[in-house]
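Novice: First, the structure itself, so that you have it in front of you.
The values are calculated or read from the model by the stated rules, or taken from the named source; none is laboratory data. A quick note: this is a predicted structure, and the numbers were derived from the prediction, not measured. Neighbour counts run over all protein chains shown; Cβ positions are idealised from the backbone, glycine included.
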Amino acid sequence: MSQSKAPVFQEIVFNLKRYWSDRGCIIQEPYDVEVGAGTSCPETFLRALGPRPWRTAYVQPSRRPADGRYGDNPNRLYKHMQLQVILKPTPADVIEQYMGSLEAIGIDLRKHDLKLEEDNWENPSLGAWGVGWQVMLDGLEITQFTYFQQCGGIDLELVPAEITYGLERLTAFLQGVDSVYDIEWTPGIKYRDVRYTDELQYSVYNFELADVPTLWKLFEIHEGEAKRLLGLYPDAEQKKRFPLLATYDHVLKCSNLFNTLDARGAISVTERVGVIGRIRKVAVAVAEAWVNQQFEQQEHAA
Amino acid sequence: MNLLLEIGAEEIPDWMLAGALDYLGSAIAALLKEHHLGDARVRTDATPRRLTVRAEGIIAQQPDAEERVWGPAKSAPATAVAGFAKKQGLEPGQLEILSDGKAEKYSFMRKIAGRPANAILAEALPQLVLKTPFPKSMYWTGKGGVRFIRPIRWIVALLDDQVIPFEIAGVPSGNRSSGHRKLGAARFAVTYENYEAKLRENFVILSADERRTRIRAVPTKYKCDNDLLNTLVNLTEWPTPITGSFDPEFLDLPKEVLMMVMRHHQKYFAVETPDGKLAPRFVAVTNTDGDPEGLIRHGNERVLRARFNDARFFWDADQKRLLSHRVQDLANVTFQAKLGNYFEKTERTSALVRFLSNDPHAERAALLAKADLTTELVKEFTELQGIIGGLYARAQGEPEAVAVAIYDQYKPAGMEDSIPRTEAGRILSIADRLDTLRGCFRVGLIPSGSKDPFALRRAAQGIVKILVEGKLRLPVRTLCEGNPQLEDFLAERVRHYFRELRGFQYDEVNAVLASGWDNLPDVEERLEAVRAVRPTEDFELLAASFKRIRNILKQAQFEGSGAALSERLLENGPETELYETFAAVRAACAILTDYHSRLERIASLRPKVDLFFDKILVNAPDPAVRRNRLTLLHTMLAEFSTIADFSEIVTNSPLTKGSE
């Protein structure tokens, strides 16, 4: 493998963003509330709803407290980075476009083995699901490709394609390194130099020091605030200025607190279903209100 | 004429191709037949990106047909007749008066011109294609749009050299196909004749058999796994196998874990050494035409190394806490919301194991059986639960019998799978499943119809299989805690097992189960005996006689008088002969130990029974004689029904029709 020519991490990110920018995507910066996946961001979850076309791409640091390994495991990270691309509606040549993005970061697909293997995606706490594939490159899963069907339990008007690249894996593949910590982020700087401390400290917090009663209290505060706001929406005089985005932030907070509590071993399997149901309830309510708000705005404009 | 239909789609899940082809092939054959377009020869093929149907021998034009149209009755007013004629585009004079079998009516013979096959197909194919059944479908053109397994991206529809014009989801049919995503052309024209050759030029092998052969043609001798082979055949358009290797030091990890990673996670074939050990190599199947620079091999090797490293990481981490210490952690793992946690299940299963046997190894295994649910390796490879527990038990110095019982606890995984190797393993497996069944039935989680979320049928089937094949004479009905629903459920599984898996006739199974099924190995022996004597001449006739006896007793509402048989009241001749032969057979059966010989003896009663019914009137005028005769019949029936209730045997004998 021509490792000397392999692009550095940030170069790969630049190239992918440029590639999708050239195909009509709005390039955004990461969402500033902690999420487990780029899908949860309002730029995907809420914008997938409703009749308006939408194309965007953004890098999203994604926190999975249970996947933390104190920086010891070469392939698992508490916080990894996804490049999230949403194409709504899906263009007919979406897979060709996706393959083009791999070539844009230096993968000669004629020399590699690319397979699309069935993998349907579901996020029960957001009432969202879709069908699609995991994209395997020489046996490595590099992308999750999903045609969304429902968000917040609502059938989507236009079907978006969601393309989620695992950036660390993809880069490790291109650079031919066995550990994500050995990825060259930018010349002379390794992934370890930038992120090792995060991995160590958050693992210690999530597995050892996070205070369970406090996390539950925070969970209830955020859930309460989301519910309070949702209760106000139906009677709001000017629906279009109602802060549903702010309401949704509280749902995201709940989701991340749930993941942290789970990593801490504080949620039994029985409770699990119940807590997921609580998050789902507010997420679905925000989605429904959002669709209603979009409709109101359209009416207003018409 | 020849039909070529190719539905080009984005990658269809490999396991759904066969079902889709079955449907498309038969639906198109049926369509051609329905429209009188000939008895065409239909063949189907698929790759991940296309479903293809070809049919030869289609008639270009439907034959003309006639259809009689009925109008108003002969007595109808002239205006009504004129109206009918006008509607049909005729003059009233062109109508005939005929009887439709009930009344005289105006009518005429309408000529129906045959339509061209092309037009019929153009009309029917879109709906036919969209009706393809898929386990999970999607929409992609927008809410309310058509559904298919994945988006349809091109359609080839040709009848000879003519395009059959239609559209599905905005995609118009045409004559252009598409090649391998990277090696072939994106669009190229095809004809019926050159279709397969054109695909090949564009790196698509249409024939699944040929793809299978290509996958098998690798110098490395690997362990062929047919399920995996089929998956790979249906996951590739131009398969090329490559051989890779891994560091032999990973062979320290259990073979089961290595195989699971290779087979399930990476879809590689594992390679074995001549003496059956795992070799540090693997065969991967690529969807390319080769790997001259070794890039693909290198990539796959790296992925496998990372996976194996993960497994090693988990294995080492798990050893820090013994299974025996993990048992208490099971209190935090829910078994089922209404049935508590796995610690409680462990206690119940252990109690059952103590009840079923006094094997200390089985009991120890029951205590540790579920502890592996708390390990990292099982969280990663859930399919290996039980197996991991067994391996850890061995690594942690538990007795081998305990390790093997834990390892085998989920066997048989299906009806094809073997039962646990040891008696301790069998007892554990039964106790575990029985506890699940009892618990679920107690709280009302009872399977209905196709709904069986807790796989209780499989659990019950496993118990039956282990009891029979493990020759365990445990009182299966007693184990149902007197719950009639659970008893029925289990009885149904016993029937299913003997009928579907062992091929016994349903009436044989009914007959034998009617005589009790608390001891399943005994049920098996009785069934085999019945099956063995069934073809003999006497047996079915005797069964018919038993049915007759049963009917007589039923009609007489006789359930045994309590009085013993009185030999004095027996009439000389056929009645005494029957009684004496019966007494002799009974005495012989008491000594004989195998059911087969006993059944042969019983069947030998047949001529005497026939003679009895021929010559003797059971309903004798003297009530004492009558009661005595009924007692004779009742005693015989009771005596011989311990093997099987012969009246359940379905016979063709005319005797069954007669009744007293």
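Novice: Do the conditions hold for A:TYR165, that is, is it in contact with a strand residue (DSSP E or B) (Cβ under 8 Å, 6 or more places away or on another chain), within 25 Å of A:VAL282 (Cα to Cα) and in contact (Cβ under 8 Å) with a residue 40 or more places away in the chain?
Specialist: Judged against the criteria, A:TYR165 is not a match.
Novice: Here are B:LEU258, B:LEU253: which of them is farther than 20 Å from B:LEU295 by Cα, surrounded by 22 or more Cβ atoms within 10 Å (Cβ to Cβ) and out of contact with any Pro (no Cβ under 9 Å at 6 or more places or on another chain)?
Specialist: B:LEU258
Novice: Just the residues that are surrounded by fewer than 17 Cβ atoms within 10 Å (Cβ to Cβ) and acidic (Asp, Glu), please, taken from region B:566-597.
Specialist: Scanning region B:566-597 gives B:GLU567, B:GLU571, B:GLU577, B:GLU580, B:ASP594.
This table checks each residue for (1) closer than 17 Å to B:LEU384 by Cβ; (2) in contact with a strand residue (DSSP E or B) (Cβ under 8 Å, 6 or more places away or on another chain); (3) within 12 Å of chain A (Cβ to nearest Cβ); (4) of a type outside the set (Phe, Trp, Tyr).
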site: B:ARG263; (1), (2), (3), (4): yes, yes, no, yes
site: B:GLU293; (1), (2), (3), (4): no, no, yes, yes
site: B:VAL303; (1), (2), (3), (4): no, yes, yes, yes
site: B:PHE308; (1), (2), (3), (4): yes, no, yes, no
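Novice: In addition: Quick check on region A:14-23. Is at least one of its residues in contact with a Lys or Arg (Cβ under 6 Å, 6 or more places away or on another chain) and either farther than 16 Å from A:TYR165 by Cα or modelled with pLDDT under 95 (or both)?
Specialist: No, every residue in region A:14-23 fails to be in contact with a Lys or Arg (Cβ under 6 Å, 6 or more places away or on another chain) and either farther than 16 Å from A:TYR165 by Cα or modelled with pLDDT under 95 (or both).
Novice: Hand me the list of helices (runs of 4 or more DSSP H) wholly inside region B:474-590 holding 2 or more residues that are over 40 Å from the mean Cα position of the chain (by Cα) and not assigned by TED's automatic domain parsing to the domain that holds B:ILE430.
Specialist: Output list reads B:537-555.
Novice: Of the residues that sit in region A:65-80 and are surrounded by fewer than 22 Cβ atoms within 10 Å (Cβ to Cβ) and either of a type in the set (Ser, Thr, Tyr) or under 11 Å from the mean Cα position of the chain (by Cα) (or both), which one is farthest from A:CYS25 (Cα to Cα)?
Specialist: By that ranking, first place goes to A:TYR70.
Novice: Please return the ranges of helices (runs of 4 or more DSSP H) entirely within region B:135-241 where 2 or more residues are within 12 Å of chain A (Cβ to nearest Cβ).
Specialist: B:226-233
Novice: Filter region A:65-91 down to residues that are within 14 Å of chain B (Cβ to nearest Cβ) and in contact with a strand residue (DSSP E or B) (Cβ under 6 Å, 6 or more places away or on another chain) and give me whichever is farthest from A:VAL212 (Cα to Cα).
Specialist: A:THR90
Novice: Which members of region B:48-71 meet the condition of being among the basic types (Lys, Arg) and under 31 Å from the mean Cα position of the chain (by Cα)?
Specialist: B:ARG49, B:ARG50, B:ARG54
Novice: Another question about this same structure. Residues in region A:51-63 that are of a type in the set (Lys, Arg) and within 14 Å of chain B (Cβ to nearest Cβ): how many?
Specialist: 1
Novice: Okay, next question. Is it fair to say A:ASP198 is surrounded by fewer than 17 Cβ atoms within 10 Å (Cβ to Cβ), free of Cβ contacts under 8 Å to residues at least 60 places away in the same chain and out of contact with any Ser or Thr (no Cβ under 6 Å at 6 or more places or on another chain)?
Specialist: So A:ASP198 does not fit the description; no.
Novice: B:LYS86 - would you say it is of a type in the set (D, E, K, R) and touching a helix residue (DSSP H, G or I) at 6+ places or on another chain (Cβ under 9 Å)?
Specialist: Yes: the conditions hold for B:LYS86.
Novice: Please pick out the residue among B:GLY470, B:GLY444, B:GLY482 that is more than 22 Å from B:ASN510 (Cβ to Cβ) and surrounded by 16 or more Cβ atoms within 10 Å (Cβ to Cβ).
Specialist: None of the others qualify; the one that does is B:GLY470.
Novice: So is B:GLU11 within 14 Å of chain A (Cβ to nearest Cβ), charged (D, E, K, R) and either over 30 Å from A:VAL94 (Cβ atoms) or outside any helix (DSSP H, G or I) (or both) or not?
Specialist: In short, yes.
Novice: Answer with yes or no whether B:PRO280 is part of a loop (DSSP other than H, G, I, E, B) and more than 10 Å from chain A (Cβ to nearest Cβ).
Specialist: no
Novice: When you check B:TYR106 against the structure, is it in the same structural domain as B:GLN94 (by TED's automatic domain parsing) and either surrounded by fewer than 14 Cβ atoms within 10 Å (Cβ to Cβ) or not aliphatic (A, V, I, L, M) (or both), yes or no?
Specialist: Against the criterion (in the same structural domain as B:GLN94 (by TED's automatic domain parsing) and either surrounded by fewer than 14 Cβ atoms within 10 Å (Cβ to Cβ) or not aliphatic (A, V, I, L, M) (or both)), B:TYR106 qualifies.
Novice: Could you tell me which numbered condition A:LEU116 fails, if it satisfies all but one of (1) within 13 Å of chain B (Cβ to nearest Cβ); (2) touching a residue at least 40 places away in the same chain (Cβ under 8 Å)?
Specialist: (2)
Novice: Turning to a different aspect of this structure: When you scan region B:620-642, how many residues do you find that are loosely packed, with under 14 Cβ neighbours inside 10 Å and over 44 Å from the mean Cα position of the chain (by Cα)?
Specialist: The number of residues fulfilling the criteria is 4.
Novice: Sticking with this structure for a sec: Being buried (at least 18 other Cβ atoms within 10 Å of the Cβ), over 30 Å from A:GLY106 (Cβ atoms), of a type in the set (Asp, Glu) and modelled with pLDDT of 95 or more, is that true of even one residue in region A:205-223?
Specialist: Taking every residue of region A:205-223 in turn, at least one turns out to be buried (at least 18 other Cβ atoms within 10 Å of the Cβ), over 30 Å from A:GLY106 (Cβ atoms), of a type in the set (Asp, Glu) and modelled with pLDDT of 95 or more.
Novice: Can I ask one more? Considering only residues that are within 14 Å of chain B (Cβ to nearest Cβ), among the charged types (D, E, K, R) and closer than 30 Å to A:LEU126 by Cα, which ones fall in region A:162-207?
Specialist: The answer is A:GLU162, A:GLU168, A:ARG169.
Novice: Could you list, in sequence order, the residues of region B:101-122 that are closer than 13 Å to B:GLN62 by Cβ and without any contact (Cβ under 8 Å) to a residue 12 or more places away in the chain?
Specialist: B:ALA119, the sole residue that qualifies.
Novice: In addition: For region B:7-41, which positions are touching an Asp or Glu at 6+ places or on another chain (Cβ under 9 Å), charged (D, E, K, R) and touching a residue at least 40 places away in the same chain (Cβ under 8 Å)?
Specialist: B:GLU11, B:ASP14
Novice: When both residues are 6+ apart or on different chains and their Cβ atoms are under 7 Å apart, which pairs have a first residue that lies in region B:320-345 and is facing another protein chain (nearest Cβ under 9 Å), and a second that is among the hydroxyl-bearing types (Ser, Thr, Tyr)?
Specialist: Within 7 Å, the pairs are B:ASN332/A:SER268; B:VAL333/B:TYR342; B:VAL333/B:THR374; B:THR334/A:SER268; B:THR334/A:THR270; B:PHE335/B:TYR342; B:ALA337/A:THR270; B:ASN341/B:THR334.
Novice: What residue, of B:ILE59, B:ILE28, is modelled with pLDDT of 90 or more and in contact with a strand residue (DSSP E or B) (Cβ under 8 Å, 6 or more places away or on another chain)?
Specialist: Of B:ILE59, B:ILE28, the one residue that is modelled with pLDDT of 90 or more and in contact with a strand residue (DSSP E or B) (Cβ under 8 Å, 6 or more places away or on another chain) is B:ILE28.
Novice: Another question about this same structure. For A:TYR31, all conditions in the list (1) touching a residue at least 40 places away in the same chain (Cβ under 8 Å); (2) more than 14 Å from every other protein chain (Cβ to nearest Cβ) hold save one; what is the number of the exception?
Specialist: All conditions pass for A:TYR31, except number (1).
Novice: Among the residues in region A:174-192, are any surrounded by 20 or more Cβ atoms within 10 Å (Cβ to Cβ), aliphatic (A, V, I, L, M) and under 15 Å from the mean Cα position of the chain (by Cα)?
Specialist: no
Novice: Just to check your reading of the model, which residue among A:VAL131, A:VAL94, A:VAL159 is in contact (Cβ under 8 Å) with a residue 40 or more places away in the chain and within 7 Å of chain B (Cβ to nearest Cβ)?
Specialist: A:VAL159
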